[in-house]
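Scroll down for the structure; my scribbles are underneath it.
The values are calculated or read from the model by the stated rules, or taken from the named source; none is laboratory data. Here the structure is a predicted model, which is why all the values come from computation and not from measurement. Here the Cβ positions follow ideal geometry from the backbone for every residue, glycine too, while neighbour counts run over all protein chains shown.
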Amino acid sequence: MEQYVLSLNSGSSSLKFNLFQRMEDKSLTSQLSGIVEEVGNVDRSLLKYDVNNVRHKVQVPVPSHKEALVLLFQELEKNNIQMDAICGVGHRVVHGGSKYSASVLVNEQVIQAIHELIPLAPLHNAPNLTGIEEAVKLLPEAPHVAVFDTAFHSTMPESAFRYAIPNAWYQEYGVRKYGFHGISHLFVAKRAARFLNLPFDQFSGITVHLGNGCSITKIENGKSVDTSMGFTPLEGLVMGTRTGDIDPALISHVANRLVEDKGLALDEAYETVMHALNKESGLKALSGVSMMQDIRQRAVDGDLVADAALSIYSYRVAKYIGAYWATLPEAHAIVFTAGVGENEGYIRARILSFLKNLSFEIKDENQLRKQEMVIAISNKVGDRPLKVLVIPTDEEIVIGYDTLFIGCMNQDIPELYPFEV
């Protein structure tokens, strides 16, 4: 009987999924992948998925994540995939706190821990937990595995993760850098090491995840030793709608001005500021839109506002790359990934142009999209050239393999994933 592993990513208003078939050599092959959009908005909810290179769209009311999962399972059965053939279900969980440094089998203690971490990631852990709880009800016999976005960054030293804040905030409230996008950084770092024919525990470099959310990770000998996102995903780079690094004093300054100028209550003013920092800032604030394709095209066409937004964005990325490169004993590669990183050669070149001391020679391949390749080389450092790579990310395959090994095979996560071979 064929067996399958299901990867789930429950967002606040979406459910992303990928169903993998388990092959005889322990590899996984994607059979059906897609998303349920606008969960909770019954007038606009939509199921989209690809199977056998055919795109399907189903407009159907989806009032909750439970109905989204029921709808998914109905479509699986239509495609001759029975529920008892699913040997494990993997769940992306954004925040594992300091407790989880690896993926784990879901049990009551894990569910309780994810619930307790909701205050650290209310926009993410709450829907992640809902997805787990509803999936467990619908597939109670299958093992469920939690795969944490923070886990890869658990190897950061104290010098990188501690803030210079009152000790009680750290000890009692858990205020420290956790980092995010860890599943993506892990995957692309492992693929980059394979691309360069290096053992992963000897790979050092900088992985640059640029999508609507953006983060950079410094990797030394296969371990995350620093990353740009912090206590929340708000810290670090300029993003689609998030500010990235700011002076925290501006929060109280703007909140007080809103109290004085708009007559808001202080708590309402504070919530207004925090909403703006997360949802109305970043590229959206700088250019009026958050879609990089639109901003890039406007800049190419001579729009000075869009051009300035790209300079601000690109310089911040380059500044982090420069800091991480300067503090590594050696760097084998800088690796771009995610929607912008994989597809926007113009932006990649713009970022590299700010790294003046490395004097990158940009190759013609930089114009290509979404494939593993070398796009630039610097011959100004050390005995070997510093390469700039593009590696398309695949968080779902990491979730799939962790689920296969932990949930289906009762084994530890492999030191060498099949996608590295």
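Things worth noting here:
- Looking only at residues of segment 292-315 that are under 20 Å from residue 243 (Cβ atoms) and touching a Phe, Trp or Tyr at 6+ places or on another chain (Cβ under 7 Å), we find that the one that is surrounded by the most Cβ atoms within 10 Å (Cβ to Cβ) is 314.
- Of the helices (runs of 4 or more DSSP H) contained entirely in segment 246-352, not one carries at least 3 residues that are touching a Pro at 6+ places or on another chain (Cβ under 6 Å) and assigned by TED's automatic domain parsing to the domain that holds residue 209.
- Residue in segment 244-262 that is out of contact with any Ser or Thr (no Cβ under 8 Å at 6 or more places or on another chain), of a type in the set (Ser, Thr, Tyr) and at pLDDT below 95 present: no
- Qualifying residue in segment 358-365 (condition: polar (S, T, N, Q), out of contact with any Asp or Glu (no Cβ under 8 Å at 6 or more places or on another chain), surrounded by fewer than 20 Cβ atoms within 10 Å (Cβ to Cβ) and assigned to a helix (DSSP H, G or I)): no
- Against the numbered list (1) in contact (Cβ under 8 Å) with a residue 24 or more places away in the chain; (2) in contact with a strand residue (DSSP E or B) (Cβ under 8 Å, 6 or more places away or on another chain); (3) buried (at least 20 other Cβ atoms within 10 Å of the Cβ), residue 345 comes up short only at (3).
- For segment 214-231, residues that are part of a loop (DSSP other than H, G, I, E, B), buried (at least 21 other Cβ atoms within 10 Å of the Cβ) and out of contact with any Gly (no Cβ under 6 Å at 6 or more places or on another chain) total 0.
- Just so you know, in segment 148-190 the residues that are assigned to a loop (DSSP other than H, G, I, E, B), among the charged types (D, E, K, R) and touching a residue at least 24 places away in the same chain (Cβ under 8 Å) include one that is nearest to residue 9 (Cα to Cα), and it is 149.
- When residue 128 is tested against (1) in a loop (DSSP other than H, G, I, E, B); (2) closer than 21 Å to residue 239 by Cβ; (3) in the same structural domain as residue 8 (by TED's automatic domain parsing); (4) touching a helix residue (DSSP H, G or I) at 6+ places or on another chain (Cβ under 8 Å), exactly one condition is not met: (1).
- Some residue of segment 78-90 being in contact (Cβ under 8 Å) with a residue 24 or more places away in the chain, touching a helix residue (DSSP H, G or I) at 6+ places or on another chain (Cβ under 7 Å), surrounded by fewer than 23 Cβ atoms within 10 Å (Cβ to Cβ) and in the same structural domain as residue 140 (by TED's automatic domain parsing): yes
- Looking across segment 131-147 at every residue that is in contact with a His (Cβ under 6 Å, 6 or more places away or on another chain) and in a helix (DSSP H, G or I), the one that is surrounded by the most Cβ atoms within 10 Å (Cβ to Cβ) is identified as 131.
- Residue in segment 62-75 that is of a type in the set (Lys, Arg) and closer than 16 Å to residue 11 by Cα present: yes
- Some residue of segment 189-196 being buried (at least 20 other Cβ atoms within 10 Å of the Cβ), within 17 Å of the chain's Cα centre (by Cα) and under 22 Å from residue 121 (Cβ atoms): no
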